[in-house]
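Asker: If you scroll down you'll find the structure; I have some questions about it.
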Amino acid sequence: MEANSAFTNKSTQFWGYVRLISEKMGYSAKGEIKKHDSSQIIKKLKSLEIEITQDILEDVVSYLNYRADLLNNQVQYFFMDVNLARRTFHKLNKMYVENNFTCSLPWNKQSGEKKDFAYYTGIINILTEAYLRAYSTSEGLVYGKDISFDNDPRSLTYLKDNDNVLHGTLSRRFDGAYPSTINPKAIWEIKEYYYTTTFGSRIADGVYETQLDGFEINQLSHVAQGDIKHIYFIDAYQTWWVQGKSYLCRIIDMLHMGLVDEVIFGKEVLERWKIVLDKLIHSKTVTPN
């Protein structure tokens, strides 16, 4: 899912009102993301001794209600529970085995009966390799030699020029990169929390880390005079929809603030990811000067 262009390139003032109104008036109620009325917003802001112009008010209300419609009517239905994620993974794993795929299929961090593959990460890796292999075949290329992706990055992402001069390095490791962590066209994070029982500080911190990553990636893209796509995959119905609605709102906010370029929710990956990969493959590679 990409940002709605009607709500990109907004001012810090706009986002200040969005955050404050959301916090003071609540993100959700009765199991859904809240919509907001102009008169109620004005009343609340006056109680805080804060003024707002009519044009910004209309813009903010339009965005808040767009955000509510998007999450209530679309995003919540993309999320998988652990059973659906498991079935989806094992269906794709058959293709993985039959075609001798080579991408990693990591295990989750659970123990006992819950210890198994990290389903969502496996789904993403298999879909990525399947698409790149198909593209290689159609273009007469060799997968793994002429085209590939880093499905298990064990180093920081960095940019260098044709003279091997370093131009910048990101602070954290990511979960995937295309074509690699060196001069990538895209890097991505994967947040799957199928067995989480409470929305704890670890998950909340992860959302804020992604925002900080976005600022750093945007700066590095500027240095490189190119565009590194920052992609955020999240899944688990119970964690994100039942317990984490306010953070879903924050994620939609950071998408429109340009801190991530794409958020892929749950089973949306099955159709959306190949479209994103196609755009990445056909985008121009820019090497730092």
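Throughout, read-outs are computed from the coordinates displayed, never taken from laboratory work. As the structure is a computational prediction, the values presented were derived from the model and not from experiment. Here Cβ is always computed from backbone atoms with ideal geometry, including for glycine, and neighbour counts include all displayed protein chains.
Asker: Looking at Thr128, Gln40, Ala186, which one has the Cα that reaches farthest to the positive end of the dipole of the chain (charges on Cβ: Lys, Arg +1; Asp, Glu -1)?
Answerer: Of the options given, the answer is Gln40.
Asker: Let me ask another. Report, in listed order, any pair from Lys160/Lys274; Lys245/Lys284; Lys34/Lys91; Lys160/Lys229; Lys10/Lys229; Lys185/Lys267 with a Cα-Cα distance greater than 26 Å.
Answerer: Lys160/Lys274; Lys245/Lys284; Lys34/Lys91
Asker: Under 17 Å from the Cα of Lys109, which lysines turn up, not counting those fewer than eight places away in the same chain?
Answerer: By straight Cα distance, Lys109 reaches Lys191.
Asker: Give, as ranges by residue number, the residues of region 17-44 whose backbone N falls under 19 Å from the point 7 Å along Cα→Cβ of Glu58.
Answerer: 17-18, 36-43
Asker: Still on this structure, I have one more. Which helices count as membrane-span-like in the chain under these terms: full DSSP H, at least 20 Å along the axis by C-alpha, Kyte-Doolittle mean of -1.0 or more?
Answerer: Those that pass (Cα extent of 20 Å or more, hydropathy at least -1.0) are 54-73, 82-98, 119-139, 201-224.
Asker: Using a/c under 1.5 as the rounded threshold, could you call region 200-269 rounded, prolate or oblate? The axes a ≥ b ≥ c are square roots of the C-alpha gyration tensor eigenvalues, and prolate needs a/b larger than b/c, oblate otherwise.
Answerer: Prolate.
Asker: Find out how many positive minus negative residues lie around Met1, taking Lys and Arg as positive, Asp and Glu as negative, among other residues whose Cβ is under 10 Å from that of Met1.
Answerer: Working: positive: Arg272; negative: Glu2, Glu262, Glu268.
Neighbourhood net charge equals -2.
Asker: If you take the square roots of the eigenvalues of the alpha-carbon gyration tensor of region 80-281 and sort them as a ≥ b ≥ c, do you get rounded (a/c under 1.5), prolate (a/b over b/c) or oblate?
Answerer: oblate
Asker: Pairs of Cα atoms under 8 Å, at least six residues apart: use those to get the relative contact order of the chain, whole percent.
Answerer: It rounds to 21 percent for the chain.
Asker: Among Asn164, Gly214, His282, which residue has its Cα furthest toward the positive end of the charge dipole of the chain, with +1 on Lys/Arg Cβ and -1 on Asp/Glu Cβ?
Answerer: Gly214
Asker: Mind listing the long-range amide H neighbours of Ile147? Cut-off is under 5 Å, sequence gap 5 or more, other chains count too, H placed in the peptide plane at 1.01 Å from N.
Answerer: So Ile147 has HN proximity to Val142.
Asker: Which net charge results for the neighbourhood of Ala236, defined as the other residues with beta-carbon distances under 11 angstrom from its beta-carbon, given Lys and Arg at +1 and Asp and Glu at -1?
Answerer: Around Ala236, the surrounding residues sum to -2.
Asker: Please compute the length gained on full extension between Asp278 and Thr196, using 0.36 nm multiplied by the number of residues separating them and subtracting their Cα-Cα distance. The partial results should precede the final answer.
Answerer: Values: separation 82, 0.36 × 82 = 29.52 nm, distance 3.33 nm.
Full-extension gain reported as 26.2 nm.
Asker: What is the Cα centroid distance between region 48-125 and region 128-164, reported in whole angstrom?
Answerer: So the two Cα centres are separated by 24 Å.
Asker: Here's another thing I want to ask about it. Kindly state, to the nearest 0.05, the FRET efficiency for Ala6 paired with Asp37, given R0 = 22 Å and r defined as their beta-carbon distance.
Answerer: With a Förster radius of 22 Å, E is 0.65.
Asker: Taking the mean number of other Cβ atoms within 10 Å as a proxy for protection, how do you rank 88-101, 252-265 from highest to lowest?
Answerer: Listed from highest to lowest mean packing, they are 252-265, 88-101.
Asker: What is the extension gain from His167 to Asp69, computed as 0.36 nm multiplied by their sequence separation minus the C-alpha to C-alpha distance, in nm to one decimal?
Answerer: Length gained, His167 through Asp69: 31.1 nm.
Asker: Report the full-extension gain for the segment Thr137 to Leu48: residue separation times 0.36 nm, less the Cα-Cα distance, to one decimal in nm.
Answerer: 25.9 nm
Asker: Also: Quick one: Debye curve from the alpha-carbon atoms of region 45-95 only, equal weights, vacuum; give me log10 I(q)/I(0) at q = 0.13 Å⁻¹ to two decimals.
Answerer: Taken in order of the listed q values, log10 I(q)/I(0) reads -0.57.
Asker: Please report the net charge: other residues with Cβ closer than 12 Å to the Cβ of Glu268, K and R +1, D and E -1.
Answerer: Cβ neighbours under 12 Å give a net charge of -1.
Asker: I've got another one for you. Note down the magnitude of the dipole of region 174-256 about its Cα centre, charges +1 on Lys and Arg C-beta and -1 on Asp and Glu C-beta and zero elsewhere, to the nearest 20 debye.
Answerer: With Lys and Arg at +1 and Asp and Glu at -1, about 140 debye.
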